[in-house]
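The structure appears right after this line, and notes come after that.
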Amino acid sequence: MQRRKPIDLFLFILTWLCIGITVAVLFLVVGYVIINGVMYIRPSLFAVEFTPQNQSLFPALVGTLMIVGLSLVLAVPLGVFSAIYLVEYAKRGSRFVKIVRLTTETLAGIPSIVYGLFGFIFFGVFLGWGLSLLSGAFTVSIMILPLIMRTTEESLKSVPDTYREGSFGLGAGRLRTVMRIILPAATPGILAGVILAVGRIIGETAAIIFTLGNVARVPNSLFDTGRTLSAHMYALANEGTHPGEAHATAAVLLIVVILINALSSWIAKFIKAS
């Protein structure tokens, strides 16, 4: 048995130490939020309408699901098909591809409050949508578009070229190869990017307040205002009079993220198995 060098042993210990710290921090954050929030969860928090007496988070929960669904409908097709073009159709290493990638990386680094200000000015004022579900969804979809594009690109690149060569050798065209061979193989990675995008949408506050608003009610239309769970938690914590309800909202928010991640992972495994 070959004896390990001291540097190898040091790196081995350092790696497992970093893993342990990461897992410990994760359980610490999740445990703190759950323990301090579950004790304040009560039926009145899920009343259909928000009142000063019940501080219901139900309108914010519905608003969160609506903004997530609408943003994904807008961003996922555009991001996925853009990445397919860059990887499968555009000439690799061309100036156009470099410009697009530089643009997406720049968009990914812009602070969310800048997106919120842009969304308020362009969608809310210039287009006349005001503080509405549609303004918030379009703004957030622009925010998550670079993330979906980059993760989709990397997923498509990870598919071996032998898949493409075998499909072309059997007489399939490029479109059929992409849709029937490449895209299914890259689906787990694409869903991982979608999961990250969902997490960013749910946790976003500044851009949502600037575009969707912060009114505790369920939006009745695409042009109606509303509130998300993160904005609801911010409002309760900022008032300082309902810390218990703020902790309960944080716990529900965390549970929603965990459930969405679990559902997305199950879908990815199901697609990969089929």
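The values are calculated or read from the model by the stated rules, or taken from the named source; none is laboratory data. As the structure is a computational prediction, the values presented were derived from the model and not from experiment. All Cβ positions, glycine included, derive from the backbone under ideal geometry; neighbour counts span all protein chains shown. Surface areas here come from the heavy atoms of the whole protein model, side chains and all, with no ligands, DNA or RNA. Shrake-Rupley method; radii C 1.70, N 1.55, O 1.52, S 1.80 Å.
Results, tabulated for the structure shown:
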{"item": "Positions within segment 136-167 being β-branched (Val, Ile, Thr), part of a helix (DSSP H, G or I) and surrounded by 16 or more Cβ atoms within 10 Å (Cβ to Cβ), in sequence order", "result": "THR139, VAL140, ILE142, ILE144, ILE148, THR151, THR152"}
{"item": "Hits in segment 255-268 - residues which are open to solvent by less than 40 Å² (accessible area, probe 1.4 Å) and small (Gly, Ala, Ser)", "result": "SER264, ALA268"}
{"item": "Which listed residue is modelled with pLDDT of 90 or more, among the hydrophobic types (A, V, I, L, M, F, W, C) and within 18 Å of LEU65 (Cα to Cα), from LEU147, LEU191, LEU134, LEU196", "result": "LEU134"}
{"item": "Subset of segment 191-214 (residues that are open to solvent by less than 40 Å² (accessible area, probe 1.4 Å), small (Gly, Ala, Ser) and either in contact with a Lys or Arg (Cβ under 6 Å, 6 or more places away or on another chain) or over 17 Å from PRO59 (Cα atoms) (or both))", "result": "GLY193, ALA197, GLY199, ALA206, ALA207"}
{"item": "Count - residues of segment 221-254 that are open to solvent by 50 Å² or more (accessible area, probe 1.4 Å), touching a helix residue (DSSP H, G or I) at 6+ places or on another chain (Cβ under 8 Å) and part of a helix (DSSP H, G or I)", "result": "5"}
{"item": "Members of segment 4-49 that are open to solvent by 90 Å² or more (accessible area, probe 1.4 Å) and under 30 Å from GLY63 (Cβ atoms)", "result": "LEU26, PHE27, LEU28, TYR32, ILE35, MET39, TYR40, PRO43, VAL48, GLU49"}
{"item": "Selection count where residues are assigned to a loop (DSSP other than H, G, I, E, B) and touching a residue at least 12 places away in the same chain (Cβ under 8 Å), scope segment 51-96", "result": "3"}
{"item": "Among the residues listed as LEU133, LEU170, the single one being surrounded by 13 or more Cβ atoms within 10 Å (Cβ to Cβ) and not basic (Lys, Arg)", "result": "LEU133"}
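Matching residues to (1) closer than 30 Å to ARG227 by Cα; (2) among the hydroxyl-bearing types (Ser, Thr, Tyr):
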residue: ILE144; (1), (2): yes, no
residue: THR151; (1), (2): yes, yes
residue: SER155; (1), (2): no, yes
residue: ARG180; (1), (2): no, no
